[in-house]
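A short write-up of the structure that comes next.
Where a number appears in this text, it was derived from the coordinates with a stated rule and is not lab data. In this text the structure is predicted, and so the values were computed from the model without any measurement. Cβ sites come from the backbone with ideal geometry, for glycine too, and all protein chains shown count toward neighbours.
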Amino acid sequence: MQQWVLGHIVGVLVTSVIGTLVTMLWLWFKSKSYPQNMILLGLFTIFEAMMIGTLLAEYSNSGNGILVLKALLITLGVVIGLTVFTMQSKYDFSGLGPILTVALFGFTGFMLVNMFIPFSAGGGMFEYGITIFGVGLFSLYLVYDTYMIMNKLEVDEYILGSLMLYLDIINIFLNILRLISEAQDH
């Protein structure tokens, strides 16, 4: 299966990215419509698993499977630590929303530009910086989303809450994996 995925990597990635985006947007609007929300969450999970699985198959195929394990363990520590911190904290993190949104748009813009016109100044230091920023950004999103789930979301918004946490954790993992990979390459 891994060889088939790697042989058709572009098709699998394009399908999974489009499927992920479409189901995520659709889920956003149908988050309170049972059973559509459950079906859409299932489809989103399948497309996201295709995308992440393809990326991890590439790491494994290139002999870097141990990096995936390291990133997974670091992510586990970060997620547990931040979740425990947020759950016991007396701070109101709801004010982070607008700041995180602006930071996410800036981060996404940098990443899109970097895909087509790589920033090569500084011998890869920009790559380190933007990846560390990504880890920090999605870690703050995890704190914010955990707080919002505990204190602000309605009971019938559980699908939205699970989607928010899932995206936070996946993005923390992918940025940590990228950081470890860049460190090994240099």
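One table, with the values for the structure above:
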{"read-out": "Cα gyration tensor shape for the range 1-54, rounded if a/c is under 1.5, else prolate or oblate", "value": "prolate"}
{"read-out": "Distance between modelled label sites at V113 and F133, nm, 7 Å Cα→Cβ extension", "value": "0.9 nm"}
{"read-out": "Alpha-carbon centroid distance for the pair the range 125-153 / the range 1-41, whole angstrom", "value": "23 Å"}
{"read-out": "Simple spin-label estimate for W4 and N61 in nanometres, 7 Å along Cα-Cβ", "value": "1.4 nm"}
{"read-out": "Anisotropy class of the range 67-139 from Cα gyration tensor, a/c 1.5 cut", "value": "oblate"}
{"read-out": "DSSP-loop chymotrypsin sites (Phe, Trp or Tyr not before Pro) across the range 2-39, with at most 13 other Cβ within 10 angstrom", "value": "none"}
{"read-out": "Relative contact order, percent, the chain [alpha-carbon distance under 8 Å, six or more residues apart]", "value": "27 percent"}
{"read-out": "Simple label model, 7 Å out from Cα along Cβ direction - W28 to T15, nm", "value": "2.5 nm"}
{"read-out": "Choice from I172, I117, I132 showing the highest fluctuation, given a GNM over the chain with Cα pairs closer than 10 Å", "value": "I117"}
{"read-out": "Prolate/oblate/rounded label for the chain (Cα gyration tensor, a/c 1.5)", "value": "oblate"}
{"read-out": "Those lysines that a straight Cα-Cα span of less than 26 Å connects to K90, excepting residues fewer than 8 apart in one chain", "value": "K152"}
